Structure formats: structure tokens, C-alpha cells
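Take a look at the structure set out below.
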Amino acid sequence: MSADDLELARRCREGDAAAFETVYRTHAGRLFGLLTRMTGSAQDAEDLLQDVFVQAHRKLALFRGESSLGTWLYRLAVNQCLDHLRGKQSRMARTTDSLDAAEAPEPAAAVPVLPQPIARIDLDRAIAQLPDGCRAAFVLHDVEGLDHREVGAALGISEGTSKSQVHKARMKLRALLGGGVRRGALEAV
Amino acid sequence: MNDERTLTCERLIDILDDYLDERLSGAWVRIADVETHLAGCASCRALAADLRALRAAARTLEPIDPPAHVWRAVRARVDQELPARASLLERLGFSASGWQRVLQPLGSAAALVLVVSGLAWMSARLTERPQPAPTASAGGEVVEFQLAEAEYTDAIDRLEEATQSASPQLDTASAEALRASIDDIDMAIGDARDALAREPGDSVSQESLLDALSSKVALLQDTVARLGRLEPGTEVQTP
């Protein structure tokens, strides 16, 4: 936590629009990346990012600097995103079920099927195609670097379920990227 | 024939994520066993290489700049909310003139400090107030509201006690003005409670009650905090 964070928060509380814009410009990219990958939808991520910063503006009076402003905003964004995903819970259950049903035995290719290295843009497009449940676990674990205990706590699932969801996501991504990701379908995401 | 400890392809896939995530310690299989299997099995080796590539790529994903219109929308929403917050304060007797009326004997500088601090504190309290989760049951919302009301009521009791200790520092006119502001808030509290008695689950009345209670907490807290320490020449912090 830096003194700059506390000073910025103080200026925001006092209605300093430039300070609030600085907070936005500093953190919006990381949060928008997180939200886009967690939801699989740029439109949903835009709406959520708005909500996160409006909520942050209301709550800045409560920011005491126990963590950095970035961490504080990150938690707000994850919580906002999880509320959004819970709202889609029944659909998540259906899509996860369909993933389970569609999951064939692991492909037995004798050579790697993924390009080395994987292009970031292709990976982002493939992540967007994952079912909500395993996508959230994959993003928090493999992209954001949380461990399975933290992912479980964030998503309200057990550590074992987090492992299983991340595994499903990885296998699905291998199938999507290795099968020659269908450009048309991905570009429509 | 395979015994239970033989590392088949099926078993390897079960533990491959742990192996790649370097979490294999303590598992029933040794790292050396995994590596021996990978050395002799092309399909498992290919799978491991692909999963490694995925992990590496995932860690290089970068922030994504949001479109410019998102900031404009955030700014517009924040600007729209500010007058609404201010008008609530005024409706509940927190206008600048009201504060100055209460604190005139302490000097205009002191009054301004109190107005600024009261607004910031009030805003915090408004947003800090527990909000029912979108998926909460109706019963859960009622319990949450009751807990919030109890929390505010308890805070008010403690602050009123403290205010009584500090009140001798107020002259008669200030004490009367403070009393008038508290009476206004008490009236709003009474109205909201009457409405809730008629319709217990009404969210608008619940919100009005919590708003009024938080206003009273703010008024009492600032009164207690400021009365004891404001002196002529206090530096004024303006926004």
C-alpha cells in the first residue's frame, strides 16, 4: 500500500474528478481484462466495469489503505463479476453439464497439437468459448495466479472442484486450439 | 498385469495437472515415476507439452484497455449520483445552513469543517449500509434489514450517551438548534417505522429508515467528536 493510494482516495472522497480519473486510468485495463475473461463477453465486461467504478466511488470513503488500491478494486471487481455469474447460475449448470457430456476420453495424439507458442489472441478467443463455471476457475487459477484454495473460496466451491474445473478448462482449450480454432466462430464471440 | 501403483496413462492424466503445477509432493506417485512414464509414452508426452504451453500462454495474457465510452459512462453515473446524495442530506436537515445554525457559536470555520466532514462521513455510511444480495431469499432480506437497524440503534444509544456528557459545552442556542435537527431526523425515523408497521417488507420504507438512522448516527458522532476539540483558529480543510 502506498501513501499515493491514500492521497488519491482522499482526493476522490473530496470530489476531485481528476483524481478519480487517475484511479480509473491506472486500474481499468487490468480489471477489464479480468472481467472480459471471467465473463467471456466484452459487453458484459463493459457493464461490470462501469458498476465496479461507480461502486468504488461510493465506497472510497471506506478505503483505509489496509491493502493497495489496486487490490481493493480487484476484490470489488471479482465480487461484482461473481454476482453476475451467479445470476446466470442455472445456465452455467446447463452448459457445464453439456461440457461434461461432450467430454470424450483425452485425445491420444502422439505429438503436441497446440502451436508453440500459443498466440494470445487465439487463447483469449478460446477462453471466451468455455462454459462459465470452468472458465471462471481457469481465469482465476491459470491467468490470475490464485491457488485452488483461493479459487474455491472466491467461487464458493471446494478445492477439489476447482482442480476439476481447471482441468476441464485446459482440456477444452486444448481441443479448441488444437483442432484449428474455427476463425469464424471465434471472431463472432 | 497392473498393480495399484502402476502408472497407466489414465492415472497419469489424473495427476498431470498437479505435476505441471508442481503440486505433486505428498501424492501417491513420485515425480520420477511421472517422468519415466512421459519418456516412454508419446501421447502423454504430447498432452503434457500442450498443457505446459497453455499454462505459459495464460500467464502472458495482458490487461485489455476498455473502450473510451466506458469511462464517459462511469463519469456520467457518478456525476448523476452526487446531487442525489446531497439532496438526501438536505432533506434530513444536513444542509450547510442547518449546520451553521447549529454551530454558529463555534465559529464559521468550525462549522465548515463539520459540514465537509459530515458529508464525507454520511456518504460512507450510506454506502456501507448492508445491501441484500440479489439472490437472497425474502426471509434473508428481512433478517439483514433487522440486523442493520439493530446496529444503527445500538450506535445511536451509545452516541446519545456520549453527547449528553459533551452537551454542557454547547450554549443554549446551539443546544436548541441541535435538538431541532435531531427532532427532524427522529420525525423521519418515526414516519419510516410507521410505514413499516403498515407494510413490513416495503423496501422503500426500509431504505428511508436506514437513511434516517445513519443520518442520526452521523450527526451525533460529529457532534461528540467536534465539540471537545474545536478551537478558534482551527485550520479549515475544504474540498
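Where a number appears in this text, it was derived from the coordinates with a stated rule and is not lab data. This is a predicted model, so every value here is computed, not measured. Because the Cβ atoms are built from the backbone with ideal geometry, glycine has one as well, and the counts that use them run over all protein chains shown.
Test of understanding: ordering A:Ile121, B:Ile15, B:Ile182 by Cβ neighbours within 10 Å, fewest first, what list do you get? Walk me through the numbers on the way to the answer.
Working: A:Ile121 10, B:Ile15 17, B:Ile182 20.
Going from least to most buried by this count: A:Ile121, B:Ile15, B:Ile182.
Give me a single rounded figure for B:64-73: the average over its residues of other chain Cβ atoms within 10 Å of their Cβ.
On the way: counts 13, 5, 13, 4, 0, 2, 9, 7, 1, 6.
For this peptide, the per-residue mean of nearby foreign Cβ atoms is 6.
Cross-link partners among lysines for A:Lys88, C-alpha distance below 29 Å, same-chain residues fewer than 8 apart left out?
Hits, sequence-local ones excluded: A:Lys59, A:Lys163, A:Lys168, A:Lys172.
Checking the a/c ratio against 1.5 first, then a/b against b/c, what shape does the Cα gyration tensor give for segment A:26-73?
On the way: a/c = 3.12, a/b = 1.84, b/c = 1.69.
Judged from the Cα gyration tensor, segment A:26-73 comes out prolate (a/c at least 1.5, a/b above b/c).
How do A:Lys163, A:Lys88 line up, fewest other C-beta atoms within 10 Å first?
On the way: A:Lys163 19, A:Lys88 15.
Ascending number of Cβ neighbours within 10 Å: A:Lys88, A:Lys163.
Could you tell me how far the Cα centroid of segment B:16-51 sits from the Cα centroid of segment A:130-165, in Å?
21
Less than 10 Å Cβ to Cβ from B:Leu61, Lys/Arg counted +1 and Asp/Glu -1: what total charge do the surrounding residues give?
On the way: positive: A:Arg37, A:Arg120, B:Arg59; negative: A:Asp124, A:Asp142, A:Glu144, B:Glu62.
My count for the surroundings of B:Leu61 gives -1.
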